[in-house]
Amino acid sequence: MKKPSDYNKNVKIDLHIHSTASDGTLSPLEILNLAQSINLGAISITDHDTIDGTKEALAIGIPPSINFLTGVEISAVPPPPFSFPGSFHILGYAINVDDSVLNQTLVKLQEARKNRNPRIIERLNRMGYEITLNEIRKDAGECQLGRPHIAKQMVKKGFVQSVSKAFDKYLAKGQPAYVDKYRIDCDRAIEVILNAGGIPVLAHPVLLDIKNDDVLETLIARLKEMGLKGIEAYYPDHTPDLIVRYTEIANRHGLLITGGTDFHGSIKPEIIMGSGRGNFSVPYELYENMVKSQNIVHKKHESCNTGIK
């Protein structure tokens, strides 16, 4: 890891990036090259329910100018009695990618995603939209297919004007082509990340659509009891006021603060790696704080393949 003096307040990091291993459109190599070209100080590839993108980046070799954390974004079920209309995801950072339980858990989640796709296609077909998995696969290449790829194909065939329209009218929760999928309990997701030597973080809290501050505070306290170590306070959809709010909650509960753009490439063309919609940035010191906390944890895991550098 580079010394703090090597950086200044203008250096950005991005700890929430998706590659072609899940539903992004850039390969791990392209992500590394882009991160170098825009002078990011640190990144993490956090694909949905898979660490194949992280593994590929490690195999390629992380450029000396970039600090790197292994990562994953796990689909989870909120703890009872909480229930939210939005996505509930747990990010895992600095994980040992060779951990057997982590890998077995992710295989199960990937199968759930794979089995969901034909059911979505079937619903679209019944509504009169001629679309097949084969043509989606042909355009998407060898990646983990999901709703964004289906949405992109719907745009290509002229069924909708944009990916966001495809979700709003057909693919989002509550819409006619939506199909739910298996998720693991959040306490299990946190446990798996911790046992792999990692840092479990609540992803994009704004997407949970929690209106009541007391409910959010209670949720965070419950997750901390389960072993949560951080909150993704910096996110393109978080207003400055929300960033302050989430930061204050994290500080009150002694949790780390993280951030990233949720970059997907052309699937979400309005989101730019490192800068979101152009005016977003995540302070480099957040990466430093994560590594400092992990140095303590990893005294017992010195041989772990975590990607910390």
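The values are calculated or read from the model by the stated rules, or taken from the named source; none is laboratory data. Every value quoted in this text rests on a predicted model; they were computed, and no experiment measured them. Note: ideal-geometry Cβ built from the backbone for every residue, glycine included; neighbour counts use all protein chains shown.
Summary table below
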{"item": "Residues within region 194-224 that are touching a Pro at 6+ places or on another chain (Cβ under 9 Å) and either free of Cβ contacts under 8 Å to residues at least 60 places away in the same chain or within 21 Å of Glu288 (Cβ to Cβ) (or both), tallied", "result": "3"}
{"item": "Qualifying residue in region 229-238 (condition: of a type in the set (D, E, K, R), under 24 Å from Asn96 (Cα atoms) and in contact with a strand residue (DSSP E or B) (Cβ under 8 Å, 6 or more places away or on another chain))", "result": "yes"}
{"item": "Pair list, Cβ under 8 Å, 6 or more apart: region 280-304 residue farther than 28 Å from Val244 by Cβ, other residue part of a helix (DSSP H, G or I) and at pLDDT below 95", "result": "Cys304/His298"}
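Conditions (1) closer than 30 Å to Asn212 by Cα; (2) at pLDDT 95 or above, marked per residue:
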{"site": "Lys9", "(1), (2)": "no, no"}
{"site": "Asp23", "(1), (2)": "no, no"}
{"site": "Lys55", "(1), (2)": "no, yes"}
{"site": "Ser83", "(1), (2)": "yes, no"}
{"site": "Phe88", "(1), (2)": "yes, no"}
{"site": "Gln110", "(1), (2)": "no, no"}
{"site": "Pro118", "(1), (2)": "no, no"}
